[in-house]
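Report on the following structure.
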Amino acid sequence: MRIGLRADTQIFRTVVGTIPLSEADEESLLGGQAVDWLEIFPGVGSAPSHVRENLSAEVGNVFALGQFAVDVDFFGDHVLRILVADAFGALIEFFAIGFGPPGFQIAFGVELAAFVVEAVSEFVANGATGVAVIWRVVDFGIVKRRLENSGGKIDVVHLRIVVGVYRRWRHTPLTAVQRLANFRESAAHILLPVDQRAEWAFFTNGDDEDAQRVWARERGLSSRTSLSHILKAQVEEEGADVFYNLDATGWGADFIKSLPGCVKNVIAWHAAPFRNVSFSGYDLVVCNFPSILAKWDEQGYRTAYFFPAYDPELTPFALCQDRPIDVLFVGGYSRHHVRRAAVLEAVAKFAGQYNIEYHLDRSRLCRLAESPLGRFLPLASHRRPPAIQAITKAPIFGRDYYRVLSAAKIVLNGAIDMAGSDRGNMRCFEALGSGSMLLSDEGNYPEGMIDGQTIATYNSPQQAINQIKTFLEDSEKRLSLACAGHEMVSTRYSKEVQWKHFETLVGSI
């Protein structure tokens, strides 16, 4: 089937009667290539009819709303006047088909076209379209199947969910989506069905171009297909009921509003008080920082408390007894971490006394300030102090991150400045899960993270140093605290507990 800019009748071919369509890249399926020549309908002298309604893309349940799939208005639209220059070619086609089927009998080619529509019904638009889209488009991870008579409680067997990943934690691009889950990046946010490779669960990193292009090529999508279209195509292919987005700043409100019609609920995880972030189109905004949720509440958004989970892949790392690193910090270093930077500098000065190791993911401004060109720019405040630079190694992620956590006696933590008094970033869950003792700044922590029972806290750079000295000298106290922390996070914040809470949230929407 060839699609042009008008609904002109093609000889014995299905015509889409809708608003102007773009030209398709696909060739006709059977019977040779359609031609733009003189259109003659043999065997009938008059057969008045009309062009069908502009809803031809609605094929999920009933093809074109039960209307004829063929435009039989072959007398209208000034076809003879437009195509008369190519009239001779139509005669060849006319004699090739002979005196074919009468005007009101279904042609064999039309029946085959219906079979094709049945085979690809899941990736055809589930609603009226404004333009012809010949390729599909998809998004993040997905858990499949509809919610049926849940009665306020979700039947897990009938749920499909889309799961996304933070853009800011990007690393070297992966060549396959499944490798991302195996790598364990941001694993605290990977929901249980995805982690268990459930048939009805799908996970994707929507802005990982290499991985997304692999998926697109496997499905015959054009190399020009945008990442947003690929993401939506994934959602549509999986028939997702729930879209769970971990990157609200990377995929804006316009994108959310354009999700396929199969999506019934859209949930965003957002744990930073960024301005000018719109959650229009979302049914629910979640995170584990109450003060941030309160701000979204004030703006009229529906919110709920939700939390990261203990990654069971950390269990063998937590059993590690050989921990040569006295103090470890792994995380970001930017102008948004002023308090953290002060603590890191104070602790770094004791590198000669203790084995202290930092793995810093520097901001772009920091990297520029420390570059040869940046040395000539007024960016001194964005450069790391010499004491920090001396003990800093390259950023690490995933299982490499787990391995270095398991080699540390104490994991140092400090919240981003904009977090206010709330605490509970992913490093808290990861450090406790690795069997290390967590030393973090004072604040309001999630349930179970209690100073002196499962974690240790400090309120100044100097107190952080004092705490480090105390716990390194008293290994029994340190190990007891680390063991209690691991026990707490692996039970109270297990994947099973997280998933049950997620079910409850979806059921409440």
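Side notes on the structure shown:
- Scanning segment 244-294 for residues that are over 28 Å from Tyr445 (Cα atoms) and either of a type outside the set (Asp, Glu) or in contact with a strand residue (DSSP E or B) (Cβ under 7 Å, 6 or more places away or on another chain) (or both) yields a total of 16.
- On inspection, Ser436 does not qualify as farther than 23 Å from Glu313 by Cα and of a type in the set (Gly, Ala, Ser).
A quick yes/no check of all residues on (1) within 13 Å of the chain's Cα centre (by Cα); (2) at pLDDT 90 or above:
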{"site": "Gly220", "(1), (2)": "no, yes"}
{"site": "Lys232", "(1), (2)": "yes, yes"}
{"site": "Val266", "(1), (2)": "yes, yes"}
{"site": "Ala272", "(1), (2)": "no, no"}
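- Screening Asp417 with (1) in contact with a helix residue (DSSP H, G or I) (Cβ under 6 Å, 6 or more places away or on another chain); (2) surrounded by 17 or more Cβ atoms within 10 Å (Cβ to Cβ) gives one miss only, at (2).
- From the list Leu227, Leu293, Leu259, the lone residue that is aliphatic (A, V, I, L, M) and touching a residue at least 40 places away in the same chain (Cβ under 8 Å) is Leu259.
- Any hit, segment 254-274, residues being aliphatic (A, V, I, L, M), assigned to a loop (DSSP other than H, G, I, E, B) and closer than 28 Å to His382 by Cβ: yes
- Residue list for segment 286-331, filter: in contact with a Phe, Trp or Tyr (Cβ under 7 Å, 6 or more places away or on another chain) and part of a strand (DSSP E or B): Val286, Cys287, Thr303, Asp326, Val327, Phe329, Val330
- Taken across segment 231-254, residues that are without any contact (Cβ under 8 Å) to a residue 60 or more places away in the chain and open to solvent by 30 Å² or more (accessible area, probe 1.4 Å) do occur, with at least one present.
- Residues within segment 201-224 that are assigned to a loop (DSSP other than H, G, I, E, B), touching a residue at least 12 places away in the same chain (Cβ under 8 Å) and farther than 19 Å from Trp269 by Cα, tallied: 4
- Exclusive hit being crowded, with 20+ Cβ neighbours inside 10 Å, within 30 Å of Met437 (Cα to Cα) and at pLDDT below 95, set Leu293, Leu344: Leu293
- Only listed residue being open to solvent by less than 20 Å² (accessible area, probe 1.4 Å), within 27 Å of the chain's Cα centre (by Cα) and of a type in the set (Ser, Thr, Tyr), chosen from Tyr282, Tyr301, Tyr310: Tyr310
The values are calculated or read from the model by the stated rules, or taken from the named source; none is laboratory data. Remember, predicted model here, so these are calculated numbers, not experimental data. FYI the Cβ positions are ideal-geometry reconstructions off the backbone, even for glycines, and counts take in every protein chain you see. For the accessible areas, the whole protein counts, side chains as well, though only heavy atoms, and no ligand, DNA or RNA atoms are used. Shrake-Rupley method; radii C 1.70, N 1.55, O 1.52, S 1.80 Å.
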